Amino acid sequence: MYDFELQKPTSVAEAVAALADGSAQALAGGQTLIPTMKQRLADPGTLVSLMAIPALQGVAMTSSGLSIGATTTHAVVALSALAHYPALAALAGQIGDPAVRNRGTIGGSIANNDPSACYPAAILASNAVIVTNAREIAADDYFQGMFATALEEGEIVTAVRFPIPLQAAYVKFPQPASRFALVGAFVARFEDGVRVAVTGASNNGAFRWNAAETALSADFIVQALAGLVLPADDMIADLHGSAEYRAHLCAVMLKRAVLAA
Amino acid sequence: MKTVTMRVNGKLVSAPTEGRTLLVEYLREGLRLTGTHVGCDTSQCGACVVHVNGLAVKSCTIFAQELEGAEVLTIEGMANSDGSLGVIQQAFQDYHGLQCGFCTPGMVMSAAALLAENPTPSEAEVRQYLEGNLCRCTGYHNIVKAILAASGQAVAAE
């Protein structure tokens, strides 16, 4: 790993100022960024750690939903969200392994937007709002393809706000070596309809499955999904599974999620 | 170089660091505490697991400079004060929970974190909790038995 200067601001304003330097990059839990830097795929001159900023930590129930601070770790979400949004807590409790969950954060996960990460599925299906130092971004506008987001240069995710659905579940088929989702499906039923998001499958990152949403909004039972097939055209194909296999898994994972919701 | 001070296994310690110095390098090279191992260096294998402020983390994937003032527990802090093996370590010996021993420091630290969280885990819970710790010798069975025994639960005889 190339050397860099580590800064540890204690407020969002200080972090934003530190990131104004073009060679600076934000560091949250580092569970992806540090391995990336070891491979010399990233070479920031300055790393601005967000982990010492108290305003970015913690889980709170508000009138507009469950607000999760950007540097809240997966382990804390698994515990603290349990009473408010059990499907989200369960998702957080299945990311990586216990040691990774004690360090990895929701903000880091969605700023990176790995196409196989779990949180993007929950955020899209829940119609969550991504709060940054500058603005609020709707989930549907935030994710812009593999490792691409609506974040501007130097913009920091400060929190994610989740509306609470009436019913929800996330089921993933873990890739056993990395424990990322080979395919994961999140289903959330709200009063005005059902939202479905799938991660791990598409070359464009997590996506909403509109046909499944329409079918489940009409009737929230697993039989409503009978015969529904996703085209394999844009699916990821690698040594872990072909595009057709992933397309097939999308329906299997979604059916399991509907049964679990 | 910045000097970073932490409390490691109850002792206040300091060592010089660069920005890129990982906690495991701080421990092994700065403090010469070589019980914590580097297996994969890609946060997959868990040989480097230590506790930071009471939580198990992979010391190959966290920077030392983020841990000024932290409370760190390593495998060197797991023995009893008279130098005899701690309960988990003794159980690993009794149940042959190691062969080459390379993964053992991480296994013991993960086991300690599990038992702190869940004092009487089921076999399935032990296996689930160890999913971030790889062992290439034992096939895991004796590690799981050792952890169940360390929790005071009965373990089926061979």
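Here are the numbers for the structure shown:
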item: Shielded residues, the stretch A:83-101 - accessible-area loss of 30 Å² or more between chain alone and all protein chains, probe 1.4 Å; result: A:97, A:98, A:99
item: Euclidean distance between Cα centres, the stretch A:62-120 to the stretch B:1-35, Å; result: 30 Å
item: Of all accessible heavy-atom area on chain A, the percent that carbon and sulfur account for (1.4 Å); result: 53 percent
item: Probe 1.4 Å, protein heavy atoms only - accessible area per residue of the stretch A:54-162 in square angstrom; result: 34 Å²
item: Rounded to 10°, Cα long-axis angle of helix B:141-150 versus longest principal axis of chain B; result: 80 degrees
item: For the protein assembly as shown, the Rg and Dmax computed from alpha carbons only, in angstrom; result: 22.0, 68
item: Whole-number D in µm² s⁻¹ for the stretch A:54-162, Kirkwood Cα-pair radius fed into Stokes-Einstein, 37 °C, 0.692 mPa s; result: 242 µm²/s
item: Cα-Cα over 25 Å, subset of A:38/A:172; A:255/B:58; A:38/B:145; A:172/B:145; A:8/B:2; result: A:38/A:172; A:255/B:58; A:38/B:145; A:172/B:145
item: Equivalent ellipsoid semi-axes - Cα gyration tensor, the stretch A:167-260, angstrom; result: 22, 13, 11
item: Cα extents of the stretch B:64-114 along the three principal axes, largest first (Å); result: 38, 25, 20
item: Quarter of the Cα convex hull surface for the stretch B:87-150, i.e. its orientation-mean projected area (nm²); result: 3.5 nm²
item: Relative contact order (%) - criterion: Cα under 8 Å, at least six apart; region: chain A; result: 15 percent
item: Alpha-carbon centroids, the stretch A:1-44 and the stretch B:107-156: separation in whole Å; result: 35 Å
item: Pairwise Cα inverse-distance average, inverted: Kirkwood Rh of chain B (Å); result: 15.9 Å
item: For the stretch B:2-77: relative contact order, % (alpha-carbon pairs under 8 angstrom, 6 or more apart); result: 38 percent
item: The stretch A:5-49 pair-distance distribution - Cα-Cα, 10 Å bins, rounded %; result: 29, 55, 16, 0
item: The stretch B:45-86 - Rg over Rh from alpha carbon coordinates, Kirkwood radius; result: 1.03
item: Contact order relative to length of chain B, as percent, for alpha carbon pairs under 8 angstrom and 6 or more apart; result: 23 percent
item: Summed buried accessible surface, chains B and A, 1.4 Å probe, nearest 100 Å²; result: 2100 Å²
item: Within the stretch B:128-158, backbone nitrogen closer than 20 Å to the virtual label 7 Å beyond the Cα of residue B:118 toward Cβ; result: B:128-135, B:140-156
item: Mean Cβ count within 10 Å, highest first, over the residues of peptides A:101-107, A:185-191, A:112-118; result: A:101-107, A:185-191, A:112-118
item: Total formal charge among the other residues, if their Cβ is under 14 angstrom from that of residue A:232, Lys/Arg +1 and Asp/Glu -1; result: -3
item: Convex hull volume per residue in cubic angstrom - Cα atoms of the stretch B:1-64; result: 75 Å³
item: FRET efficiency estimate (nearest 0.05) - Cβ-Cβ, residue B:96 to residue A:219, R0 60 angstrom; result: 0.60
item: Accessible area per residue in Å² at 1.4 Å probe, computed on chain B; result: 46 Å²
item: Gain upon complete extension [residue B:2, residue B:140; 0.36 nm per residue less C-alpha separation]; result: 45.6 nm
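The values are calculated or read from the model by the stated rules, or taken from the named source; none is laboratory data. No experiment lies behind these values; they were computed from the predicted model shown. Cβ sites come from the backbone with ideal geometry, for glycine too, and all protein chains shown count toward neighbours. For accessibility, only protein heavy atoms count, side chains too; no ligands or nucleic acids. Shrake-Rupley method; radii C 1.70, N 1.55, O 1.52, S 1.80 Å.
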